[in-house]
Amino acid sequence: MFKNNLKIAWRGFLRDRQFSFLNLLGLATGIACTLLIYLWVSDEMSYDKFFANNDQVYQLMEHRKTSGETTISDESSGLVADILAVKMPQVKYAASLAPPDWFQAFTLSAGDKNIKAIGQYAGKDYFNIFSFNLLDGKRDKVLADKNSIVISDELANKLFGTTQNLQGKVVHFQHHVDFFVSGVFEKTPVHSSQQFDFVLPFEYLYSVQDWVKTWNNTGPHNFVLLQKGTDINAFNKAIAGVITEYGRDSTRSPYAVKFSDNYLLNTFSHGSKVGGKIAYVRLFSLIAAFILIIACINFMNLSTAKASRRMKEVGIKKVVGAARSQLIVQFLSESLMMTMFAVLLALGLAWALLPQFNEITGKQLVLNFNLQLVLALLGITLFAGILSGSYPALYLSKFNPLAILKGKLSTSFAAVISRKGLVVFQFTLSVVLMVSVLVVNKQVQFIQSTDPGYNKDNIVRFDAEGRLQGTQETFVDQLKTIPGVINASYTFHNMVGRNYGNYGLEWPGKDPKTSIYFEGFGGGYNFTETMGMHMAQGRSFSKNYGSDDSTIMLNEAAVAAMHLKDPVGKTIKLYGQNVQIIGVVKDFHFESLHQPVAPAFFQLMHQQTNPWIKIMVKIKGSQQRETISKIEGLYKAYNPGFPFTFNFLDEAYQKQYETEVRAGILSKYFSGLAILISCLGLFGLAAFTAQKRQKEISIRKVVGASVSGVTLMLSKDFLKLVLISLLIAFPVSWYLMNSWLQGFAFRVNIGIGIFLVAGASTIIITLLTISYQSIKAALANPVNSLRGE
């Protein structure tokens with residue numbers, strides 16, 4: 001019986017090629033999209049899940065109460081880990097971390113090789129907490145000595161040409177300090193949110209930057225490995241008062257969150273996690289479901305629509321004794337066979353599109369047929385096959401055989417309504433996707449065109465290493481003499497994100513219970529001018545006014561937070577020292593537009609030695625290559641032994657919105673495919689309707705109906721369905737996208753124009769889809785249809 005069903009299904013497939021091709025193409029496209037999204041979602045969900053003790057690894061965050069609001073930070077004092085390791089029996093290991101995003105890169109040397117590498121400073125138990133694969137060295141020993149260094153196997157090969165017998169080998173750090181190799185680890189997996197080439201002891205950082213272990217300054221990240229069975233809620237209650245007890249700051253309280261959750265849940269509001277990348281995982285999971293459902297609806301509609309062609313087959317089978325259950329099995333078998341063909345075609349499409357998909361997403365996805373993928377494909381096949389074939393199977397198998405064979409069977413009102421309802425549903429989903437794409441693209445364009453409050457274009461930045469440490473002001477003066485250099489200065493801030501800040505500002509009238517975090521921008525003379533910042537009041541640092549060492553500048557947000565009137569000339573305290581406000585800088589975005597502009601202050605930095613100093617050079621856009629070449633020549637002559645590496649500030653700025661940009665591009669493609677799949681079904685239904693009403697059309701033409709009149713008659717029913725879809729989709733899409741936009745402190749408005757564009761586009765696409773079949777039917781010779789009457 002099963003073999004016979006397959007034969008019948010195959011013959012039906014060949015006999016009705018147009019409908020079969022539309023079914024196959026729609027299903028295959030939908031499944032291919034779903035498969036690509038599944039690969040992407042699985043990849044996103046797998047970040048930081050590979051650690052051996054994943055369920056016990058926690059990161060310490062801080063609740064911060066500021067001006068009546070509660071915020072969250074992933075930074076804290078470097079003392080927190082030390083205290084918890086001693087005081088809390090639930091803590092098996094604890095470690096502080098100065099992450100790689102504090103720095104651009106360091107220069108490591110061995111022999112005559114000078115290599116730029118990404119590094120971080122970590123507490124001695126870091127490798128006990130995070131089970132990165134150690135190829136050499138013991139986890140509890142590799143960071144025990146503050147002069148040790150742990151390097152990746154990739155870096156080991158670059159420096160020494162081998163990964164074997166490296167313990168005790170000398171690595172020159174910044175041509176200034178010697179460290180001794182204590183271990184080698186396997187390159188960090190691609191699914192690790194922590195990417196680094198080497199690790200230095202946190203104790204060494206403390207010996208040169210003692211602020212990392214003070215209660216007032218924050219910045220380090222802290223991690224703990226909890227004992228198995230620890231009640232995390234009880235643990236968080238136990239540690240909530242640590243900073244109050246030891247740091248005398250009641251506005252900050254630490255709490256632990258599972259580390260592997262942070263990659264996806266990395267956005268906070270009012271002291272709680274509200275989303276982050278998980279929002280895009282959910283969004284694209286929903287899109288995948290939408291596309292698959294739309295593809296299944298196509299199958300259901302087309303299969304049900306052509307049911308009249310198989311009515312006699314059903315009637316004869318019932319007359320000769322076929323049970324309804326047998327007919328249901330037959331039609332479900334046909335549906336599953338079609339779905340299996342579609343899955344095979346979808347695999348080919350997905351494999352062909354994967355390189356382009358990887359380029360858009362920035363990932364390295366592969367079609368590995370592991371158990372998880374096979375089960376996913378099996379699930380998609382069963383879901384799509386049964387869902388797609390269930391209604392046609394139930395619909396066809398219930399016909400009365402006598403009515404069928406007498407030719408008295410007419411399409412039921414319920415069947416017509418169901419088919420039209422499915423068309424409305426699939427177009428509603430398509431329009432929701434279209435509106436969403438328009439809103440996302442509008443927000444992305446707004447982000448890219450918004451003035452951040454400084455000129456980010458044509459700003460070259462590079463690290464002040466080696467000889468530049470302490471002589472950066474002299475070097476900057478030499479840079480300004482290079483043709484093509486407009487201005488230059490230096491800073492220890494990346495200009496992107498939060499790099500450095502504290503609670504060390506005091507001002508007249510400050511409430512003792514108030515604790516406000518201020519982002520710190522240390523810079524040289526001409527820093528604000530080089531960055532193209534604008535002064536709201538007062539002046540910037542200048543050599544024309546003598547020493548500005550005891551002065552400070554604030555941004556407008558800081559002035560507002562302090563409730564200062566006429567701030568220029570007033571004296572406040574920074575780290576307990578009196579400083580005079582000489583200027584107020586207009587607010588600028590050093591964080592993404594997801595965040596409101598935070599309070600910030602500016603200090604003047606003279607010839608200081610600081611590992612975070614970066615040179616900022618404003619160059620002419622028309623002479624980029626020549627100017628950078630000359631800057632590199634000066635750098636190498638001034639700083640031999642240090643490779644010259646640089647980047648452009650606008651690239652770092654745009655990287656903040658990489659997720660939104662990629663989401664916008666992906667949404668555009670998937671929305672287009674959803675509409676295409678819907679139109680395939682509409683095209684098939686239009687063809688079926690024209691065929692079914694062929695005699696009616698011929699009679700109308702004989703009695704004088706025009707081609708345009710017949711075309712309009714065939715088109716208006718579908719247009720009504722599309723208009724109903726628009727009425728449903730518009731409020732749904734407005735609600736969804738308005739909720740998404742709430743994640744941005746600075747956002748666009750969803751104007752009526754977006755809905756007009758979406759509506760007009762949908763109607764035009766619908767008309768183009770059905771016009772061919774309508775016009776073809778209207779132009780047909782009526783004699784051919786009425787000859788047999």
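The values are calculated or read from the model by the stated rules, or taken from the named source; none is laboratory data. This is a predicted model, so every value here is computed, not measured. We place every Cβ from the backbone using ideal geometry, glycine too, and count neighbours over all the protein chains shown. The accessibility values were calculated without ligands, DNA or RNA, using every heavy atom of the protein model including side chains. Shrake-Rupley method; radii C 1.70, N 1.55, O 1.52, S 1.80 Å.
See the values below:
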read-out	value
Qualifying positions in the range 175-192 - in contact with an Asp or Glu (Cβ under 6 Å, 6 or more places away or on another chain) and either surrounded by 19 or more Cβ atoms within 10 Å (Cβ to Cβ) or not basic (Lys, Arg) (or both)	GLY183, VAL184, GLU186
Filtered residues of the range 198-229 (kept if in a helix (DSSP H, G or I) and surrounded by fewer than 14 Cβ atoms within 10 Å (Cβ to Cβ))	SER207, VAL208, ASP210
Selection status of ASP463, surrounded by fewer than 20 Cβ atoms within 10 Å (Cβ to Cβ) and of a type outside the set (Lys, Arg)	no
Filtered residue count, the range 452-483, keeping only those that are part of a loop (DSSP other than H, G, I, E, B), over 30 Å from TYR657 (Cα atoms), modelled with pLDDT of 90 or more and not charged (D, E, K, R)	3
Residues satisfying the stated conditions in the range 127-172, i.e. within 15 Å of TYR204 (Cα to Cα), within 35 Å of the chain's Cα centre (by Cα) and assigned to a strand (DSSP E or B)	ILE149, VAL150
Every residue from the range 41-93 that is farther than 17 Å from ALA256 by Cβ, in a helix (DSSP H, G or I) and of a type in the set (Asp, Glu)	ASP43, GLU44
Matching option when the condition is modelled with pLDDT under 90, closer than 20 Å to ASP451 by Cβ and surrounded by 14 or more Cβ atoms within 10 Å (Cβ to Cβ), among GLU529, GLU556, GLU519	GLU519
Filtered residue count, the range 532-545, keeping only those that are buried (at least 17 other Cβ atoms within 10 Å of the Cβ) and not aromatic (Phe, Trp, Tyr)	4
Helices (runs of 4 or more DSSP H) (entirely within the range 631-737) containing at least 2 residues that are modelled with pLDDT under 90, of a type outside the set (Asp, Glu) and over 30 Å from TYR454 (Cα atoms)	658-692, 694-702
Pair list, Cβ < 7 Å and 6+ apart or interchain, from the range 364-375 residues that are within 16 Å of TRP40 (Cβ to Cβ) to residues that are aliphatic (A, V, I, L, M) and open to solvent by 70 Å² or more (accessible area, probe 1.4 Å)	GLN364/VAL190
Condition broken by THR530, with the remaining ones in (1) hydroxyl-bearing (Ser, Thr, Tyr); (2) within 23 Å of THR251 (Cβ to Cβ); (3) more than 30 Å from the chain's Cα centre (by Cα) satisfied	(2)
Selection status of LYS636, over 28 Å from PRO512 (Cα atoms), without any contact (Cβ under 8 Å) to a residue 40 or more places away in the chain and open to solvent by 60 Å² or more (accessible area, probe 1.4 Å)	yes
Every pair of residues 6+ apart whose Cβ atoms lie under 8 Å, when the first sits in the range 643-672 and is open to solvent by 30 Å² or more (accessible area, probe 1.4 Å) while the second is among the hydrophobic types (A, V, I, L, M, F, W, C) and part of a helix (DSSP H, G or I)	PHE646/ILE628; PHE646/ILE631; GLN654/VAL661; VAL661/VAL444; ARG662/ILE360; ILE665/ILE360; LYS668/VAL437; TYR669/ILE360
Check on ASP477, out of contact with any helix residue (DSSP H, G or I) (no Cβ under 9 Å at 6 or more places or on another chain) and farther than 18 Å from ASN639 by Cβ	no
Qualifying residue in the range 590-610 (condition: in contact with a Pro (Cβ under 7 Å, 6 or more places away or on another chain), open to solvent by less than 10 Å² (accessible area, probe 1.4 Å) and modelled with pLDDT of 85 or more)	no
Selection status of GLN195, at pLDDT below 95, surrounded by fewer than 19 Cβ atoms within 10 Å (Cβ to Cβ) and farther than 24 Å from GLU44 by Cβ	no
Filter result for the condition that a residue is more than 32 Å from the chain's Cα centre (by Cα), open to solvent by 10 Å² or more (accessible area, probe 1.4 Å), farther than 26 Å from GLY78 by Cβ and not hydrophobic (A, V, I, L, M, F, W, C), over ASP548, ASP511	ASP511
